[in-house]
Amino acid sequence: LSKRLQAVADLVTEGASVADIGTDHGYVPIYLVEKGICPKAYAMDINQGPIESAIKNIENYGLSEKIQAIKSNGLEKLEPEKADTIIIAGMGGELIVNILENGLAKLENCSRPVKELVLSPHKRGDLVRKYLEEHKWHITDEKMLIDMNKFYTIIKAAKGQESYPYSETELFSGRILLDRQDATLKKYLDKENAKFQKIKQKMIENQSKDLLEVEKILEYNRVG
């Protein structure tokens, strides 16, 4: 596994049956089952190519009885009561929220509901955190890392309401990462601050109407 995918796998609770949405080559389900972390897994993707690749990799590891590859638009083909944990990684926050909005309800309203979400948005993590807060999912852990010179955030959530609402800064940067004074988050905020300071300067020179939006982002970075 890459450093990013290893971090995703590390947040999955041992003993859980897992569904990996947007599985690509099926690497995470294979790792989780092969290492004995998960007894059963579903490798799911909307495209046929990744599904065929996942099937080939699953067969190479001799795990066809424990991992099922399913072509599915998000959670559409995942049957209720099959998975304890849902992984969605490697896509934007808007798409992750869309997948959850369109398919999570049926997996919650059953005798064996989904217990855990492991989500890794490559942008707009604030939208994911807002969705979790609004739908009474409690963020239990967050990790931030650098892999191949890119920043990645991974959010782990369990069903249960947060004790108090997230502030805008916490939605933007992650309450747990802020409380932990995470070193990688600080690197990310410093990098974003430098980028948006340059943008702000150009906007001032061009008398741009969008200056307030950039100043808001700079404020999030400063508080973080």
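With the cut-off at 1.5 for a/c, could you classify the range 64-166 from its C-alpha gyration tensor as rounded, prolate or oblate?
oblate
To the nearest 10 degrees, how steep is helix 125-134 against the longest Cα principal axis of the chain, on a 0 to 90 scale?
Rounded to the nearest ten degrees, it is 70.
Which cross-chain or sequence-distant (5 or more) residues have an amide H under 5 Å from the amide H of HIS122, H modelled 1.01 Å from N in plane?
For HIS122, whose amide H was placed from the backbone, the distant partners under 5 Å are GLY90, MET91, GLY92, GLY93.
Per residue, how much accessible area does the chain have with a 1.4 Å probe, in Å²?
About 53 Å² of surface per residue is accessible.
For the chain, modelled as a GNM with alpha-carbon contacts under 10 angstrom, which of SER17, SER173, SER53 fluctuates the most?
Taking springs between Cα atoms under 10 Å, the residue moving most is SER53.
What does the C-alpha gyration tensor say about the overall shape of the chain? Classify as rounded when a/c is under 1.5, otherwise prolate if a/b is larger than b/c, or oblate.
Prolate, since a/c reaches 1.5 and a/b exceeds b/c.
Please say if the range 43-82 is rounded, prolate or oblate, where rounded means a/c under 1.5 for a ≥ b ≥ c the square roots of the C-alpha gyration tensor eigenvalues, and otherwise the choice is prolate for a/b larger than b/c and oblate otherwise?
oblate
Roughly how big is the chain's charge dipole about its Cα centre, with Cβ charges of +1 (Lys, Arg) and -1 (Asp, Glu), in debye to the nearest 20?
Roughly 440 debye, rounded to the nearest 20.
Ignoring ligands, DNA and RNA, please state the percent of accessible area on the range 11-83 from carbon and sulfur, probe 1.4 Å.
42
Rounded to whole Hz and in sequence order, give me ³J(HN,Hα) for the range 5-19 from the Karplus expression 6.51 cos²θ - 1.76 cosθ + 1.60, θ = phi - 60°, writing x for Gly and Pro.
5, 5, 5, 5, 4, 5, 8, 6, 5, 4, x, 7, 7, 10, 10
Helix 93-103 against the longest principal axis of the chain: what's the angle in degrees, Cα atoms only, rounded to the nearest 10?
Helix 93-103 sits roughly 40 degrees off the main axis of the chain.
Which aspartates and glutamates does LYS123 reach when only Cα atoms under 12 Å apart count, and residues fewer than 8 places away in its own chain are ignored?
Within the straight-line limit of under 12 Å, LYS123 reaches these aspartates and glutamates: GLU94.
The values are calculated or read from the model by the stated rules, or taken from the named source; none is laboratory data. All of these numbers come straight from a predicted model, not from anything done at the bench. Glycine also receives a Cβ, built like all others from the backbone with ideal geometry; neighbour counts cover every protein chain displayed. The protein model used for the area step is the full one, side chains on, heavy atoms only, and it has no ligands, DNA or RNA in it. Shrake-Rupley method; radii C 1.70, N 1.55, O 1.52, S 1.80 Å.
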